[in-house]
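Working notes, structure below.
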Amino acid sequence: MAEDVADMTDDVPDVAGEAPEMRVDIQGADGAEGSDADDAAEGFPSGPRDPSVLASFADHVAHAVWRLSPVIDCSVITGDLGLISAFVERWHAETSTFHLPVGELMITLDDVSSLLHLPITSALHSFHALSTEEARFLLIKLLEVSAEEARAETALTRGAYVRLGWVRDIYETRYQARRWIVAARAYLLHLVGCTLFANKSATYVHVVHLDAFRDLAQSGGYAWKVAALVHMYDQLDEACRTTTRQLAGYLTLLQRWIYEHFPSVHQCVTDDTYQETSPRASRWLTSKAHMKGITGAPYRARCDGLTVTDVSWLLYTEHRGG
């Protein structure tokens with residue numbers, strides 16, 4: 001099982017390296033769907049500090065981007081494959097928990113909120129299965145591609161999917177054309193496709209996620225981490241089966257959750273410059289130079305030897321409400 005699960009984690013894109021740079025020098029007119037403030041604003045390099053001055057920032061295109069930006073800084077650079085496999089082996093779909101010597105544990109919304117600093121109490125967006133024709137319609141309407149381009153891309157992916165590389169190209173062309181809202185939609189679709197809703201292909205993203213960016217004034221307020229946690233649970237349910245060789249989902253969430261709660265199991269190190277105002281997940285160093293991974297068997301032995309005192313139960317005091 002350890003070898004099977006590890007196959008997929010190598011294929012998850014390096015978000016920092018793969019994601020197009022989001023440039024927010026928003027200053028021109030754009031006829032795409034969105035609020036008037038989206039097109040008139042100049043952009044906010046670090047976000048407005050005084051909301052009384054920029055009162056319409058909640059409806060700004062940059063707001064939707066920055067509400068999801070923590071996933072870029074938090075995403076792991078190097079996956080700890082043996083560690084992930086050892087925990088997947090202990091996941092049971094019937095209870096949606098990891099079965100460990102200390103009892104049953106799960107990733108909670110408190111973990112998600114504190115590790116990633118993304119909203120969990122806002123509105124929920126429902127994702128419904130799309131037909132290929134419906135996917136093409138969304139691409140035409142929200143990314144401003146031609147019917148021929150949409151048809152060619154969905155024919156290539158054989159369904160309601162698009163290639164991440166294709167989305168990057170759309171972002172670049174829309175940015176060059178100063179179509180800021182459309183560029184933001186493409187950027188955000190690429191971002192969630194590489195992170196929160198990563199799938200087993202590691203090269204495609206489902207077009208259904210594009211619908212969440214139809215109105216960017218609302219997108220930043222969605223409870224993204226609720227959806228991401230549900231997606232992670234679904235992927236773990238599938239990965240724990242003997243017939244599955246791959247694990248998808250936002251593996252950063254799973255790996256950093258393990259780091260936080262089970263310090264005796266792993267050998268990862270923390271960043272001395274980390275500040276508690278940042279997402280908790282960003283305090284771990286995951287480059288190849290810092291990773292101290294061990295083989296699968298010792299991971300299993302360490303999990304089997306866990307006691308109550310080996311687990312960090314009370315975490316995130318500084319992060320609740322972040």
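I need the full set of residues from the stretch 148-167 which are open to solvent by 70 Å² or more (accessible area, probe 1.4 Å) and closer than 11 Å to residue 205 by Cβ, in order please. Write out each step before concluding.
First, pick out the residues of the stretch 148-167 that are open to solvent by 70 Å² or more (accessible area, probe 1.4 Å): 148-149, 151, 156, 158, 161, 163.
Selection gives 161, 163.
Would you confirm whether or not the stretch 174-183 contains a residue that is of a type outside the set (D, E, K, R), free of Cβ contacts under 8 Å to residues at least 24 places away in the same chain and part of a helix (DSSP H, G or I)? Break it down stepwise before answering.
From the stretch 174-183, those of a type outside the set (D, E, K, R) are 175-177, 180-183; that's our starting set.
Going one step further and asking which of them are free of Cβ contacts under 8 Å to residues at least 24 places away in the same chain, we end up with 176-177, 183.
Add one more test, that the residue is part of a helix (DSSP H, G or I), and what stays is 176, 183.
Among the residues of the stretch 174-183, at least one is of a type outside the set (D, E, K, R), free of Cβ contacts under 8 Å to residues at least 24 places away in the same chain and part of a helix (DSSP H, G or I), which makes the answer yes.
Are any residues in the stretch 83-114 open to solvent by less than 20 Å² (accessible area, probe 1.4 Å) and among the hydroxyl-bearing types (Ser, Thr, Tyr), and if so, which ones?
Within the stretch 83-114, 85, 97, 113, 114 meet the criteria.
Assess whether residue 252 counts as being open to solvent by 30 Å² or more (accessible area, probe 1.4 Å) and not charged (D, E, K, R).
Values: open to solvent by 30 Å² or more (accessible area, probe 1.4 Å): no; not charged (D, E, K, R): yes.
Answer is no for this residue.
Sort out which residues of the stretch 82-133 are without any contact (Cβ under 8 Å) to a residue 40 or more places away in the chain and not in a loop (DSSP other than H, G, I, E, B), and write them in order of number.
97, 98, 99, 103, 104, 132, 133
Sort through 182, 205, 145, 192 and tell me the only one that's surrounded by 19 or more Cβ atoms within 10 Å (Cβ to Cβ) and in contact with a Gly (Cβ under 7 Å, 6 or more places away or on another chain). Even if it seems obvious, please write down each step before you answer.
On the way: 182 fails: in contact with a Gly (Cβ under 7 Å, 6 or more places away or on another chain); 145 fails: in contact with a Gly (Cβ under 7 Å, 6 or more places away or on another chain); 192 fails: in contact with a Gly (Cβ under 7 Å, 6 or more places away or on another chain).
Only one candidate qualifies: 205.
For the subset of the stretch 307-322 comprising residues that are more than 25 Å from residue 90 (Cα to Cα) and either buried (at least 18 other Cβ atoms within 10 Å of the Cβ) or of a type in the set (Gly, Ala, Ser) (or both), which member is modelled with the highest pLDDT? Please lay out each step first, then the result.
First, the residues of the stretch 307-322 that are more than 25 Å from residue 90 (Cα to Cα): 317-322.
Pick out the ones that are also either buried (at least 18 other Cβ atoms within 10 Å of the Cβ) or of a type in the set (Gly, Ala, Ser) (or both) and you get 319, 321-322.
Working: 319: 68, 321: 52, 322: 45.
Once the filter is applied, the top-ranked residue is 319.
The values are calculated or read from the model by the stated rules, or taken from the named source; none is laboratory data. What you see is a predicted model; the values in this text were computed from it and never measured. Every residue, glycine as well, gets a Cβ built from its backbone with ideal geometry; the counts of neighbours run over all protein chains shown. The area values use the complete protein model at the heavy-atom level, side chains included, leaving out ligands, DNA and RNA. Shrake-Rupley method; radii C 1.70, N 1.55, O 1.52, S 1.80 Å.
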